[in-house]
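For reference, the structure discussed in these notes is given below.
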Amino acid sequence: MVGGSDGHFPITFAMFLLFRVAWFLQGFKYNLRRMDSRVRTLERLLEVTRNLSASLDFEPFLQSLVMTACELTSSEAASILQHDPADDQLHFVAAPHHQRDLLRAALVPLDGSVAGWAFRNASPLVVAEAKREKRHFKAVDQLTGDVTRSLVAVPLVFRGATLGVLEAINKTGDAHYTEDDVTILETLAAMAASALRERQLTLQVQTHQSERAELDRLKSDFIAITSHELRTPLGLILGHSTFLRELVAEEHYEQLDIIIRNATRLKEIVENLSNVDNYQTGAARVRERTVAMNQLVKDVTDFFVAEARRKNVTLQAEIAPGSLVVEGEEGKIAIILSNLIKNALAFTDPGGHIAVAAERVPGYVKVTVVDDGIGIPVSDLPRIFERFYQVEGHLTRKHGGMGLGLSVAKAMVEMHGGRISVESAEGKGSIFTVLLPVNRSQASAAEKVFLS
Ligand code: ADP
């Protein structure tokens with residue numbers, strides 16, 4: 001008979017219901033515990049990430065990552081391996097403290113290793129029983145004396161490129177690595193990957209910097225030797241052609257003038273080269289005299305007035321009244337002003353204007369050369385005072401010059417303890433400002449007040 005006519009059915013049914021409720025509650029409690037432990041792991045991961053981001057040094061950073069990996073996945077050990085394209089193998093860059101030196105020399109091949117598989121396939125690999133796993137690379141255990149029982153390897157990927165592997169071994173209690181462990185390791189691996197990439201970029205920058213320093217040194221040596229060797233024959237050419245001009249008939253003046261003009265131009269180039277070089281090697285000296293800047297600015301400007309007129313450019317000097325005296329070498333300050341005015345003339349079209357102004361500001365005499373010429377692109381401004389730097393390519397440019405005028409001017413200004421700067425807008429014009437200290441010994445004190 002079906003049914004509960006004997007009275008047992010309601011009891012059995014109630015027990016069944018109770019059992020189901022208990023079972024459901026058990027499951028619920030289990031899920032709650034699991035969720036709770038996940039939340040705690042996530043909180044810990046977040047905390048660790050926050051702390052790790054604050055740490056800047058490469059090695060301690062990776063070291064903290066492996067310790068965190070051990071802690072969060074309950075592993076006995078963890079390590080980070082970086083791929084070296086030179087030998088196509090994996091190298092340990094972070095490992096447990098006591099094994100660091102030992103492992104630094106160890107190499108892990110891409111074939112026949114779990115880490116190599118994770119690297120090649122750019123995907124995680126969990127191995128529950130290392131002794132049964134053919135891909136397990138046993139040489140590391142032989143080196144450390146440890147026994148790997150279980151392991152997990154996740155790739156270090158940065159913007160699609162795999163840079164290495166993060167590995168954790170021997171989950172405590174011989175438990176198996178879970179999906180959650182893989183997720184935790186992948187999070188830490190992403191941080192390790194960006195640290196490795198940053199390190200690679202830093203090393204590249206350092207290599208380029210030292211290559212650049214070496215090239216600079218070669219360039220300086222070349223300039224020093226060339227200008228030294230050219231000076232004597234040039235002096236002889238100039239001396240003899242000037243002497244000859246006195247002797248020859250007037251009909252040969254033109255040829256000799258061409259020789260003298262061009263030799264003088266060459267001499268200028270050689271002097272510019274050695275001026276910058278002497279400054280950079282510290283060989284240059286400033287002969288201290290009192291320089292009346294109002295007169296000097298006027299004289300140098302006047303020197304270019306005829307050329308400006310030929311070009312149909314207005315060139316004017318605006319000198320503030322009162323004493324504009326600095327301590328320095330007149331010849332060198334004249335070169336600064338000449339180079340700035342020469343450039344303003346070269347880069348200002350007919351109909352344009354150039355104003356050279358001098359005034360006293362606290363502790364300094366300030367000279368500005370303002371033009372409404374072609375201006376300088378913003379991207380070129382930071383390099384404009386470098387030796388040989390020109391906005392247009394040297395071979396394609398309309399204007400002469402070697403890219404030395406401004407570097408010479410800067411060297412001479414700095415020799416006087418002064419500053420030179422530029423403001424410019426393409427198509428609108430440029431303002432070059434020179435500050436020369438009135439009294440060089442007080443320059444640094446004044447500088448703090450005025451230049452701040
Ligand atoms: P260069 O002797 O070849 O002119 P400089 O060192 O004097 O070399 O100047 C470097 C470059 O800066 C110039 O080639 C030019 O492109 C730019 N420049 C300098 N002064 C001016 C200016 N007043 N207006 C526009 N461009 C300028």
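The values are calculated or read from the model by the stated rules, or taken from the named source; none is laboratory data. In this text the structure is predicted, and so the values were computed from the model without any measurement. Neighbour counts run over all protein chains shown; Cβ positions are idealised from the backbone, glycine included. For the accessible areas, the whole protein counts, side chains as well, though only heavy atoms, and no ligand, DNA or RNA atoms are used. Shrake-Rupley method; radii C 1.70, N 1.55, O 1.52, S 1.80 Å.
Structure notes:
- Estimated vicinal HN-Hα couplings, Hz - the range 360-377 in sequence order (Karplus 6.51, -1.76, 1.60; Gly, Pro = x): 8, 10, x, x, 9, 9, 9, 10, 10, 10, 10, 10, 10, x, 6, x, 10, x
- Based on protein heavy atoms only, the range 164-216 ends up with 55 Å² per residue of surface accessible to a 1.4 Å probe.
- C-alpha long axis of helix 179-247 to longest principal axis of the chain, angle in °: 10
- Range in the chain, longest, excluding exposed GluC sites (Glu not before Pro) [loop by DSSP; at most 14 other beta-carbon atoms within 10 Å]: 130-287
- Listed values for the range 123-138 are Karplus-derived 3J(HN,Hα) couplings in whole Hz (6.51 cos²θ - 1.76 cosθ + 1.60, θ = phi - 60°), namely 8, x, 9, 10, 10, 7, 10, 4, 5, 8, 8, 5, 6, 5, 8, 7, and x replaces Gly and Pro.
- Phe16/Arg159 FRET efficiency (R0 51 Å; Cβ-Cβ; nearest 0.05): 0.30
- Diffusion constant of the range 43-170 at 37 °C, which comes from Stokes-Einstein with the Kirkwood Cα-pair radius and 0.692 mPa s, µm²/s: 221
- Accessible area, probe 1.4 Å, largest first, for residues Ser323, Ser274, Ser74: Ser323, Ser74, Ser274
- Using the Karplus relation 6.51 cos²θ - 1.76 cosθ + 1.60 with θ = phi - 60°, the per-residue 3J(HN,Hα) values for the range 424-433 come to 7, 9, 4, x, 10, x, 9, 10, 9, 10 Hz, with x marking Gly and Pro.
- Across the accessible surface of the range 55-284, with the other protein chains kept in place and a 1.4 Å probe, carbon and sulfur atoms take up 56 percent.
- Per-selection metrics, the range 55-284 (Cα): Rg and Dmax in Å: 32.7, 109
- Taking amide H as placed 1.01 Å from N in the peptide plane, the amide H of Tyr364 sits under 5 Å from that of Val438, each at least 5 places away or on another chain.
- Cα gyration tensor, the chain - rounded (a/c under 1.5), prolate or oblate: prolate
- Förster-model FRET efficiency, 22 Å R0, Gln200 and Arg104, C-beta, rounded to 0.05: 0.75
- Note: relative contact order over the range 289-451, using C-alpha pairs below 8 Å and six or more positions apart, is 24 percent.
- Within the accessible area of the range 289-451, the carbon and sulfur atoms contribute 54%, probe 1.4 Å, all protein chains present.
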